[in-house]
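A short write-up of the structure that comes next.
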Amino acid sequence: METLDLVWLVPALPLAGFLTLVLLGRRLGEPAAGWLATAAVGGSFLATVVVFFGLLDRPEEDRAFTQTLFEWIPIGGWEVDVGFLADPLSIAMCLFVTGVGTLIHLYSIGYMHGDRDFSKFFLYLNLFVFSMVVLVLGENLLLTFLGWEGVGACSYFLISFWFTDPEKASAGKKAFVTNRIGDWGFMVAMFACFAALGSISYDEILGGAGSLSGTTATLVAACLFVGAIGKSAQFPLYVWLPDAMAGPTPVSALIHAATMVTSGIYLLTRANPIIAEADSWIQPTIAWVGAGTALFAATIAVSQRDIKKVLAYSTVSQLGYMFLAVGVGAYVPAVFHMITHAFFKALLFLGSGSVIHGMHEEQDMTRMGGLRKYMPVTAATFIIGWLAIAGVPPFSGFFSKDEILLYAWAENPALWAVGLVTALLTAFYMSRQVFLVFFGEERFTVEAGTPGHGDHAEVEAHDADTALDTEGAEAEALEEADTAHAPQHDDVHVLHAAPHESPWTMTLPLVALAGLAIVGGAIQLPFTSDLHFLADWLHPVLGENEVHIDVATGTKVGLAVVAVLAGLVGIAVAYAIYLRKVRQPVEPQILAEGWRYDQAISAFMGGPGRAGFEGIAAFDRTVVDGAVNGVAATVRRSGSGLRGLQSGFVRNYALGIAVGSVLLLAYFLVQVTY
Amino acid sequence: MAAVLAAVEPSWYLVLGAALFAIGAVGLLIRRNPLVMFMCIELMPNAVTLTFVTFSRMLDDVAGQTMVVFVFVVAAAEVVVGLGIIVAIMRRRPDATADDLALLKG
């Protein structure tokens, strides 16, 4: 038996975990349910690794393996199979989905500790991983769509996991409804593929893409793009993602940063032969939507106070980078950034979850500060994530972002400029977050007389001793600067217990992800072509559709230096404003409200939109309902007219039958001619 | 005896069948006693059966006689149900007429 035959295990294990938890979840309880779910996803990861090596053993042109499990929908001569396509792209996706997923499952055991619905949470998480793996591995569009809807539904369940809070429940609804718009695009693309090629399996539609007419290819590509912007939270459909932060933090890390939101990128990368056949306006549109979203979301992130909202807008912004890359035909950098982003954004989200946990459910960054003393592991790993996303070499984010910027430059320097400004803003808002949360003065006090956690003594010793960890002289200098400005903040938050470091189940994933965020760049190093591991790996999937650029080495180095400088400028500005306090922070209200985009939608939907819908409702009531009710009323009236005929006198009926028979007989006798 | 039988024309049977059917139909229409009406109803399929057999004989086709078996089965089933209902009604109201049963129309 070949190792590749194990590919069915990758979705089967999370499904088994899900089913077991459905049946036994309550009985298993905490923490057994969590361990079971983690083991299921971990097993899935191991199976993916086995399949990966199986694929690696094959010659490059033979690295696509389809395993058909059974016939799902046979319709005449046409059929849809349930089958899995293991090729370099899907396995690369699966590796980080299940790998990061395992770490997040482990983290959740600590994070969800004491929750009433502990086992239900893991049940949803397993179902999510199953759906995501089906999305990625499905060998046809319909199976991908099944996973696509599955992850959407799980996202809904998990965002509104604490559904007793109306705000959280409605955030889930918002995500679901917004995603439907994207789903519409996906479905139309699927229908168009079937109409044009008579098949929806990737094998046939991607192989037959060359025979598509330009118009059909454009339609399919545009509709897939609509699907992608819905799922991957791009302008104008990004609105659900910031609200999705209402869910528990591991959910934000797993679904809304690392995995589900990347499925749009996956879909477009998968469909690269179709995009290549489409009209020439498609790719620049994708690139500009991506670049615009990247910049737009980055500006919003600058003014957010909620620790998770910053990361949410940051995610939207980073996904914009990936769309930018896809738009310029740079699929490898898109996938590269998708993978590194999965590492460092999951890390940042889990770190923020650890902070929220340690701060007893406080999410407002203006009420934090100086936390690195209370939670050293979280702080150290968060700082690694920060350096990675800010594009500081040699962290992973530097390599992937730099490669996207390079391709953008080769395509259109204007795109590069937008990307560069975004990089600067990214470094700025992430530094702002790190400084507000982990450095500076404490903008909270611990309620006196309350027995805190283990490190309570540390809190009291704080004033006397500042240099607790190894930050050195610089940290001390920062500390002094803070105390000078301390009176600025008058709304001091009162905690009932001191902030505390999280349990090992939460810090271990942080450390693992931090390691990956540091070395993740190694999968695609720019120095020599021997080090383009990811590009070589994905080559069978992308073929000639991957753009090849011709840029002098000097220019490449120059661009990288400019990008790093932009990142450093962002960090320096944030340092000057939020730590040195050289001037008051500028945080315009309009940015804090996300350019009032939500309000604009509400106003539009409440005004003309509502009028339109009421018009449709009126049409429905009068014309559509009128037709249906009219038929019913006619039947009822004629019925009540005919009711008088039912007298109950049997002999009347008999007479009727007799007369009728005679008349019929007479009629036939007249008709029959000899 | 055989001569007498041979003298009987098949059409006589047809006439007899038609007459029986007419008696049954008219009886059903004019009588009000449920039991009598029921007997009239029974008369009609038997008239039809007779016609079937006659034609079967005339056309030398066994299909007509086969049909009779079916009619018997249906008639037997009908008697079981119909007579059961009528007996039940007569027990409760011995002097009920068919028109009184109009109450059942609901």
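The values are calculated or read from the model by the stated rules, or taken from the named source; none is laboratory data. What you see is a predicted model; the values in this text were computed from it and never measured. In this analysis, Cβ positions are derived from the backbone assuming ideal geometry, glycine residues included, and neighbour counts consider all displayed protein chains.
With the requirement that a residue be touching a Gly at 6+ places or on another chain (Cβ under 7 Å) and closer than 16 Å to residue B:14 by Cα, what does region B:30-47 give you?
Passing the criteria: B:43, B:44, B:47.
Working only within region A:201-218, note down all residues that are surrounded by fewer than 22 Cβ atoms within 10 Å (Cβ to Cβ) and either under 17 Å from residue A:544 (Cα atoms) or not β-branched (Val, Ile, Thr) (or both).
Looking only at region A:201-218, we keep the residues that are surrounded by fewer than 22 Cβ atoms within 10 Å (Cβ to Cβ), and these are A:203-204, A:206-208, A:210-211, A:213-216, A:218.
Answer for region A:201-218, where residues must be surrounded by fewer than 22 Cβ atoms within 10 Å (Cβ to Cβ) and either under 17 Å from residue A:544 (Cα atoms) or not β-branched (Val, Ile, Thr) (or both): A:203, A:204, A:206, A:207, A:208, A:210, A:211, A:213, A:214.
Just give me the residues in region A:221-250 being of a type in the set (A, V, I, L, M, F, W, C), modelled with pLDDT under 90 and not in a loop (DSSP other than H, G, I, E, B), in sequence order.
Start the filter on region A:221-250 by keeping residues that are of a type in the set (A, V, I, L, M, F, W, C), which leaves A:221-226, A:228-229, A:233, A:235, A:237, A:239-241, A:244-246.
Next, only the ones that are modelled with pLDDT under 90 stay: A:233, A:235, A:237, A:239-241, A:244-246.
A:240, A:241, A:244, A:245, A:246 - these are the residues of region A:221-250 that are of a type in the set (A, V, I, L, M, F, W, C), modelled with pLDDT under 90 and not in a loop (DSSP other than H, G, I, E, B).
Per-residue answers, yes or no, for (1) closer than 20 Å to residue A:387 by Cβ; (2) touching a residue at least 24 places away in the same chain (Cβ under 8 Å):
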| residue | (1), (2) |
| --- | --- |
| A:498 | no, yes |
| A:512 | yes, yes |
| A:530 | no, no |
| A:551 | no, yes |
| A:557 | no, no |
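May I ask you to list pairs of residues, at least six apart or on different chains, whose Cβ atoms are under 6 Å apart, with the first in region A:648-662 being at the interface with chain B (Cβ under 7 Å from one of its Cβ atoms) and the second being surrounded by 13 or more Cβ atoms within 10 Å (Cβ to Cβ) and assigned to a helix (DSSP H, G or I)?
Sorted first by the residue in region A:648-662, then by its partner, the pairs are A:648/B:102; A:649/B:102; A:651/B:29; A:654/B:28; A:654/B:29; A:655/B:29; A:658/B:25.
Within region A:360-378, restricting attention to residues that are farther than 16 Å from residue A:508 by Cβ and under 26 Å from the mean Cα position of the chain (by Cα), which residue is surrounded by the fewest Cβ atoms within 10 Å (Cβ to Cβ)? Walk me through it before giving the result.
So the first thing to find is which residues in region A:360-378 are farther than 16 Å from residue A:508 by Cβ, and the list is A:360-374.
Subsequent filtering for residues that are under 26 Å from the mean Cα position of the chain (by Cα) retains A:361-365.
On the way: A:361: 7, A:362: 17, A:363: 17, A:364: 15, A:365: 23.
The selected residue is A:361.
Might you check whether a residue that is of a type outside the set (S, T, N, Q) and within 17 Å of residue A:125 (Cα to Cα) occurs anywhere in region A:46-61? Before the answer, list the steps.
So the first thing to find is which residues in region A:46-61 are of a type outside the set (S, T, N, Q), and the list is A:46-47, A:49-61.
Subset that is within 17 Å of residue A:125 (Cα to Cα): none.
Looking through region A:46-61, none of the residues is of a type outside the set (S, T, N, Q) and within 17 Å of residue A:125 (Cα to Cα).
How many residues, within region A:22-46, are within 24 Å of the chain's Cα centre (by Cα) and of a type in the set (A, V, I, L, M)?
Residues in region A:22-46 being within 24 Å of the chain's Cα centre (by Cα) and of a type in the set (A, V, I, L, M): 5 in total.
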